[in-house]
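Each reported figure results from applying straightforward, stated rules to the coordinates on display, with no laboratory input. Note that the structure is a prediction, hence the values are computed from the model and not measured. We place every Cβ from the backbone using ideal geometry, glycine too, and count neighbours over all the protein chains shown.
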Amino acid sequence: MKFVIEKISKSSGRLGYLVQTETEKRFRTPLLVQTTKGGSIPYLSREVFDYVTEEVPALQFTLSTIDHMVESLKLFNGTFGAYVGYPECLSLLIIRDSCELIPSGHNDKDIIPLFTRRGKEHITVKRYMDTVETLKPDIYQGLCDADTNLESSKKRIIKCVDRTAQFMDACYERHQNSKVLKKCALFAPIVGGYSTHARCESIKHAKAKGEKLANGYIFEGFHNYGLSACQVDSEQLIKVMTHCLNELSDDKPKMMPGAYTPPVMLELISLGVDIFDTSYAYCAASNFKALTFNFNLKTVENATSQPFLEISNESLKEDFTPLIRDCSCLTCRKHTRAYLNHLYKTKELLGPILLMIHNLHHMMHFFSTICKCIADDNLPDLIKLIKFQRGSLAVDYSIKPNTKIISKNDQDKNYTILNDDQK
Amino acid sequence: MTTKVPPLTYKVIAECSVTKARAGLMTLRHGEVNTPVFMPVGTQGTLKGLLPDQLIELNCQILLGNTYHLGIRPGIETLQKAGGLHNFMGWPRNILTDSGGFQMVSLLKLAEIDENGVNFCSPFDNSECMLTPEHSIQIQNTIGADIMMQLDDVVKTTTVGPRVEEAMHRTIRWLDRCITAHARDDDQSLFPIVQGALDANLRKQCAYALIQRKVRGYAVGGLSGGESKHEFWRTVNLCTDLLPKEKPRYLMGVGFAADLVVCVALGIDMFDCVFPTRTARFGCALVNTGQLNLKNKKYEDDMRPIDEECECSTCRRYTRSYLHHIATSQSVSCSLLSIHNVAYQLRLMRSMREAILRDQFPQFVCDFMAKHFEGETVPLWIREALQAVNVELPHDENDATVNVA
């Protein structure tokens, strides 16, 4: 993997691209990578994803959701991307499922806990690096303890920096000695909660040991993923990240997985973060929200926009308009708010599928707008639009949970659903 | 004034020279339907986990919707305002709706039937409601399906005695009320339902009465409800003998592969069943030899597609191994297996149709049964049903060994 910077401006982000080694395919940064569950984009088969975009995607595989298929992959003649239906994708391997809240604790000596569908698994450096060698992703993150958030104690923060340093010493050694991993780019983890001091220690280690070996950086430990990522204290986050990015050289890509809200992503992009994932789009879809925030700087109308549309809202029952007028996604071209509201009420699987199609489309277009704005030097205008949506107050982008779950039960026998509604 | 094209025209294109199978072309307001046809069930205005575009990609020409469910949600007012179900769900092709009666009787334990209609307790507020033939037609007129079903008096297939006869006669009386209530005969076709449980005499009486009415096709109802296969095929065979050749015949609720092949041979044109999509949700994939339960550990390292010969988007991209790992745990597996299973059903119907067109249907039946029951004995009822339409399945080795022993 090669990283090329095309344009850089200190206060207004940077443009560049990642180059996949074997195919020489380019992936523009700021890059939105598709987060996956069990190797698939949540709710979408490959066939359906092809309705969203014709572009070759960058996929973020999460070890906690694919750990159980690693053994099978050894017998498969092809890449992990091909195994999950995307032979041509750029693959990134991270450890945690950025879509879901991760339980705190369980950090024992020499292992990190991995919460998989088989329960809690213990990951050692050896086991982790064995897995990376099997999966051979284009990019993988180093093993780290990232179990911190705004409330973490000083002790926990110091512990996670120390443990990460230990894990990474072993990861670097293994990476250096492995023939297989020569083609894989390693992203060094930067941890340390909201302590600039701890983050600096983590960076110091990454620089000292990983200067030659690490091809990029991944920042974790600001939240516990899932919806907690869209509730981060953005001021604190930006303060710490500003400090971190000043300590790091420009030449390596920086990645921040998790469901950060659009305004927070923009702030981070203007600081120089290059790679994000689609977990915000997923979290919105799985909580029955369609993304509707406006990122079109050219719109003349002064009407304010809502960040999302609550599909559960009864007022949509007979609203036969698309989620967003003029949106070109399949959902908006072919379906109405009323239909999505119906699919919500009947707990039909097509509901989140259509929402995911729309939300991904929306986020992907948002990211192309970001790239355009950086090129045109007007990222600050976009930031303002996103923050205020043409209103006078900052818009709240955090996602509140909706507990209605699409049941996997036999829905043809409808009495189960009817009983639910009776409650 | 020019005469309007009727909302349903049906033409037999080819007849099998041995069995009663036929290939036809049914033209409805939302496009053509090649028969014999399998109609996937989209109960609540969606086929579980599939986009309309994907169904079109599979060349699905007609879907089934359930009146009972749609009447509750989104409700007829919303459907009226949406301009019917086609618009509401974004499905440009044909739809068939049932009458809602069957669901009431099967889903609601408290349903009671009298001459006026089906009495039931609303599942929402426990108030007493009634579904009359007029009401069912009114809802179906609003849904706007290309084919609608009459409200029938459903009794459990295995019921015997005067209740069966009463239900049969009532079904005919209700048909007349449905015909009278039907307000959109220029766009929608109402199918009556042959009832009479397993009683040949009652089935005959019913069929004769229905034939007197002006309708464009017929359904055979009250089967697939716990009767023996022996009784099942005889009743189907009797009904196809009784019903006119020039109109389509729909056998309700049948969809297992072997049943489809037998019933096509007996002269049925249309089928529906929830089985292919329901079994997909439990991690099962349909193949010629039956079904693969992909949850089974033996598929963990199986790098073949579900079916080497299948051209569906799932078989083109995914291995059994991957499907094993995500079956039932990732919702996308439900979409992937539903695509395959619907593709399987449609392909089976297409190959039967092609065999009929080439007049090689009996050979198709023999080949299919040999593969489907590979290593097993073909059930006696299938042999007998096929014998009734002049197809003698070759005796397999298992039988031979039994004979020798």
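A few points about this structure:
- Distance distribution P(r), segment A:30-284, all Cα-Cα pairs, bin width 5 angstrom from 0: 1, 6, 14, 19, 21, 18, 12, 6, 2, 0 percent.
- Subtracting the Cα-Cα distance of residue B:366 and residue B:298 from 0.36 nm times their residue separation leaves 21.5 nm of extension gain.
- Remark: B:300, A:267 ranked as B:300, A:267, counting other beta-carbon atoms within 10 Å and listing the fewest first.
- Plainly put, segment B:30-78 has a radius of gyration that is 1.02 times its Kirkwood radius, both from alpha-carbon atoms, as the Rg/Rh ratio.
- Cβ-based exposure ranking for A:106, B:69, B:372, in which fewest neighbours within 10 Å come first: A:106, B:372, B:69
- For segment A:288-409, projected area of the alpha-carbon convex hull averaged over all directions, nm²: 8.2 nm²
- Reachable aspartates and glutamates, given that their alpha-carbon falls under 18 Å from the alpha-carbon of residue B:371 and they are not under 8 places away in the same chain: B:259, B:307, B:308, B:309, B:392, B:396, B:397, B:399
- Geometric extent, Cα atoms of segment A:101-173 - Rg, Dmax (angstrom): 12.8, 37
- Angle between chain A longest axis and helix A:379-388 axis [Cα atoms, degrees, rounded to 10]: 50 degrees
- Fewest-first sequence of B:329, A:64 by Cβ atoms within 10 Å of each Cβ: B:329, A:64
- Computed over segment B:162-262, the Cα gyration tensor eigenvalues convert (square root of 5λ each) into semi-axes of 23, 17, 12 Å, ordered from largest to smallest.
- Seen from a random direction on average, the alpha-carbon convex hull of segment B:58-185 projects onto 8.8 square nanometres.
- Of all lysines in the structure, those lying under 30 Å Cα to Cα from residue A:384, and not within fewer than 8 positions of it along the same chain, are A:7, A:10, A:239, A:252, A:254, A:289, A:298, A:372, A:400.
- Alpha-carbon centroid distance for the pair segment A:302-352 / segment A:144-208, whole angstrom: 42 Å
- Per residue convex hull volume, Cα atoms of the protein assembly as shown, in Å³: 190 Å³
- Sites matching GluC sites (Glu not before Pro) across segment A:94-176 that sit in DSSP coil, with at most 12 neighbouring C-beta atoms within 10 Å: A:151
- Of A:109/A:183; A:345/B:297; A:109/A:209, those spanning more than 25 Å from alpha-carbon to alpha-carbon: A:109/A:183; A:345/B:297
- Ordering of A:390-402, B:331-343 by burial proxy (mean other Cβ atoms within 10 Å per residue, highest first): B:331-343, A:390-402
- Shielding by partners, peptide A:45-56 (average Cβ within 10 angstrom, other chains): 4
- Over segment A:6-52, all Cα pairs binned in 10 Å intervals from 0 give whole-percent P(r) values of 21, 33, 33, 13, 0, listed from short to long.
- Counted without the sites themselves, the longest stretch of chain B free of trypsin sites (Lys or Arg not before Pro) in a DSSP loop having at most 13 other beta carbon atoms within 10 Å is B:246-357.
- The trypsin sites (Lys or Arg not before Pro) of segment A:150-211 meeting both criteria, a DSSP state outside H, G, I, E and B (loop) and at most 15 other C-beta atoms within 10 angstrom of the site's C-beta, are A:179.
- Pair residue B:159, residue A:75: separation of 7 Å Cα→Cβ label points (nm): 5.2 nm
- Additional length obtainable on full extension of the chain from residue A:162 to residue A:117, 0.36 nm per residue less Cα span: 13.3 nm
- Computed over segment A:138-180, the range of Cα coordinates on each principal axis works out to 41, 20, 7 Å, biggest value leading.
- DSSP-defined antiparallel bridges as percent of all bridges, chain A, nearest 5: 45 percent
- Residue by residue along A:70-79, Cβ atoms of other protein chains within 10 Å of the local Cβ number 3 on average.
- The protection proxy used here, the mean number of other Cβ atoms lying within 10 Å of each residue, ranks peptides A:350-358, B:305-313, B:145-153, B:83-91 as follows, highest first: B:145-153, A:350-358, B:83-91, B:305-313.
- Gaussian network model of chain B, springs between alpha carbon atoms under 10 Å - residue of B:276, B:394, B:40 with greatest fluctuation: B:394
- FRET efficiency for the residue B:211 to residue B:166 pair, using the beta carbon distance and R₀ = 25 Å, is estimated at 0.75.
- Based on the convex hull around the alpha carbon atoms, segment B:282-388 presents an average projected area of 7.6 nm².
- When you work out D = kT/(6 pi eta Rh) for segment A:162-300 at 25 °C and 0.890 mPa s, using the Kirkwood radius from C-alpha pairs as Rh and the Stokes-Einstein form, the result is 150 µm²/s.
- For q = 0.10, 0.23, 0.25 Å⁻¹, Debye-computed log10 I/I(0) when each Cα of segment A:43-136 counts as one equal scatterer: -0.31, -1.27, -1.40
- Counting only aspartates and glutamates at least 8 places from residue A:387 when in the same chain, those with an alpha carbon closer than 19 Å to its own are A:233, A:235, A:267, A:301, A:377, A:396.
- Cα convex hull volume per residue for segment A:258-304 (Å³): 94 Å³
- When both bridge partners sit in chain B, DSSP labels roughly 50% of those beta bridges antiparallel.
- Alpha carbon Rg of segment B:63-115, scaled by the compact-globule rule 2.2 N^0.38 Å: 1.28
- Shielding score for B:321-330, defined as the mean number of other chain Cβ atoms within 10 Å: 6
- Rg/Rh (Cα only; Kirkwood hydrodynamic radius) as it applies to segment A:91-230: 0.94
- Beta bridge orientation in the protein assembly as shown: antiparallel %, DSSP, nearest 5: 50 percent
- Segment B:9-272: C-alpha pair distances exceeding 28 Å, %: 30 percent
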